[in-house]
Each structure stands twice: as structure tokens, then as C-alpha cells.
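Here's the structure we're looking at; comments come further down.
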Amino acid sequence: MKIRATVICEHEGHILFVRKARSKWALPGGKVERDERPVGAAERELEEETGLNVDGLLYLQELKARDTLHHVFEASVVNIADARPCNEIVDCQWHAYGALDQLDTTDATKHIVKSFLRRL
């Protein structure tokens with residue numbers, strides 16, 4: 001089973017989504033490396049994919065989807081206005097809460113975001 005750190009960045013009613021070439025929209029995040037804790041992977045992946053620097057992370061949930069175990073975090077960042085696509089990410093966009101159903105995302109991403117929105 002793959003282990004992934006997944007990050008929700010929320011700002012003024014919007015959530016940050018990223019996309020690789022020829023891929024669906026996703027939340028920032030990625031593989032938890034060997035000898036790395038999920039919280040460290042969440043911080044590293046967010047910076048690598050969007051250029052955002054974490055001020056704090058709140059663990060929200062664990063979600064098993066197909067062959068992947070997601071450790072989901074909500075991020076507080078210090079440079080929110082600097083979000084940009086980095087490395088393998090070709091697009092990085094803020095989408096309003098209500099836009100989720102119109103986005104081409106995976107079922108796991110939809111589940112994670114809907115679960116997050118229920119907390120608000």
C-alpha cells in the first residue's frame with residue numbers, strides 16, 4: 001500500500017488544487033519517503049509543489065482509497081500569495097468551496113475535500 005501525505009490549503013473560501021501534465025486536479029502532497037513522518041512529507045511536498053512554506057499543520061484524518069493510505073493535513077502557510085506551480089506541477093489554482101463538483105478530480109480527492117468542508 002502506498003502512503004501519501006495530502007495537504008489542504010484553505011484561504012478566504014477557496015482551496016488550493018494542483019495538477020500534473022495530463023492529470024486530474026489534486027490536493028498538494030505526495031509519497032511519504034522511507035524514514036519520513038507523514039507530517040514532514042506534507043510540509044516538504046507542499047513546498048516542492050507550490051512554493052508555499054508551512055507555518056503549522058493540523059492532522060485531519062486518515063483515508064484509505066484503493067491502494068493508497070492518505071494522511072490528510074490542513075496547512076497554515078506564511079506566504080499564501082506566493083502559490084505557484086513548481087517541479088512536476090503544471091498548474092496551481094485556488095477554487096471556491098462550491099466548485100468541487102465541477103472539477104475533474106479523483107473520488108479520493110472529492111471525499112477528502114467534502115470531509116474537510118463538513119468541519120467548517
Once you list every other residue whose beta carbon is under 12 Å from the beta carbon of S115, what net charge do they have if Lys and Arg are +1 and Asp and Glu are -1?
+2
For the chain, I need the span (max minus min coordinate) of the C-alpha atoms along each principal axis, in Å, sorted largest to smallest.
36, 32, 30
Tally up the carbon and sulfur contribution to the accessible surface of the chain as a whole percent, 1.4 Å probe, everything protein left in place.
45 percent
If one computes the Cα centroid of the stretch 4-64 and of the stretch 91-120, what distance in Å separates the two points?
13 Å
Setting aside same-chain residues fewer than 8 positions from K110, which aspartates and glutamates have a Cα under 19 Å from its Cα?
E10, E62, D67, E74, D91, D101
So, over other residues within a Cβ distance under 9 Å of A75, counting Lys, Arg +1 and Asp, Glu -1, the net charge is -4
So with the 1.4 Å probe, I'd like the accessible area per residue for the chain, rounded to whole Å².
56 Å²
Around G13: net Lys/Arg minus Asp/Glu count, Cβ-Cβ under 15 Å:
-2
Restricted to pairs 8 or more residues apart or on different chains, the lysines in the stretch 1-92 with C-alpha atoms under 18 Å apart form a number of pairs equal to 4
Viscosity 1.567 mPa s, 4 °C: Kirkwood-radius Stokes-Einstein D of the stretch 75-120 over Cα pairs, µm²/s
103 µm²/s
Compute the distance in nm between two label points, each set 7 Å from the Cα along the Cα-to-Cβ direction, one at L63 and one at V90.
2.4 nm
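The values are calculated or read from the model by the stated rules, or taken from the named source; none is laboratory data. If you're wondering where the values come from, they're calculated on a predicted model, not measured in any experiment. Positions of Cβ are backbone-derived with ideal geometry, glycine not excepted, and every protein chain shown enters the neighbour counts. Protein only, heavy atoms only, side chains kept; ligands, DNA and RNA dropped before computing areas. Shrake-Rupley method; radii C 1.70, N 1.55, O 1.52, S 1.80 Å.
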